[in-house]
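Structure record follows, encoded as structure tokens.
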Amino acid sequence: EEEEEEEADPEFTLIASGGNAVDVELTVGKPITLGRDRSATVTLDSGTVSGKHCRIEATPTGVVVTDLGSTNGTNIDGALLSANAPTPLKAGAELSLGGGGREGGVTFRLAKDGVVPRGGVGNLFAGLFGAGAVKQAPEEDEEEEEEE
């Protein structure tokens, strides 16, 4: 009998990048809601984010975002999502709720397995801002501690 080796599910994290966003770990098979209401899985303190703003689901193949009919919209890399239409969110893409951090909302970038690819849309800007990916480095204690 052959045993199939199961591949580990990818790890996805929404990295806070604007407004009152917080980093959000996503678990495959456990959809979450983001919104201002306390009944949302992740409560965001923002006047432009709706009570139940959007639903996010991590799958073994990627992340899907569904706007739940929010007042001020959900955007991926600047493109407004249609309400109740599941839309893929690629690693490195910018997810903005309620106009994004600059408009009083919140902004995230999607990391996959701890890496946030640069460039967002098909790495369109990678050539301008440096190609490759950025690995979220764990914070280390400074080696040069003052001795007394």
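The values are calculated or read from the model by the stated rules, or taken from the named source; none is laboratory data. As the structure is a computational prediction, the values presented were derived from the model and not from experiment. No Cβ is skipped: glycine too gets one built from the backbone with ideal geometry, and neighbour counts run over all protein chains shown. Just the protein is used for accessible areas: all its heavy atoms, side chains included, with ligands, DNA and RNA removed. Shrake-Rupley method; radii C 1.70, N 1.55, O 1.52, S 1.80 Å.
Apart from one condition, Gly114 fits all of (1) at pLDDT 95 or above; (2) touching a strand residue (DSSP E or B) at 6+ places or on another chain (Cβ under 7 Å); the exception is (1). Determine which single condition Glu57 fails, assuming it passes every other condition in (1) open to solvent by 30 Å² or more (accessible area, probe 1.4 Å); (2) touching an Asp or Glu at 6+ places or on another chain (Cβ under 9 Å); (3) of a type outside the set (S, T, N, Q). Among (1) open to solvent by 30 Å² or more (accessible area, probe 1.4 Å); (2) touching an Asp or Glu at 6+ places or on another chain (Cβ under 9 Å); (3) of a type outside the set (S, T, N, Q), Glu57 violates only (2). Got at least one residue in the range 66-77 being farther than 18 Å from Leu14 by Cα, at pLDDT below 90 and surrounded by 12 or more Cβ atoms within 10 Å (Cβ to Cβ)? No: the range 66-77 contains no residue that is farther than 18 Å from Leu14 by Cα, at pLDDT below 90 and surrounded by 12 or more Cβ atoms within 10 Å (Cβ to Cβ). Checking each residue in the range 82-99 for being out of contact with any Gly (no Cβ under 7 Å at 6 or more places or on another chain) and within 18 Å of Thr48 (Cα to Cα) picks out Ser82, Leu95. For the range 83-98, the criterion of being over 20 Å from Asn20 (Cα atoms), over 12 Å from the mean Cα position of the chain (by Cα) and open to solvent by 80 Å² or more (accessible area, probe 1.4 Å) is met by at least one residue.
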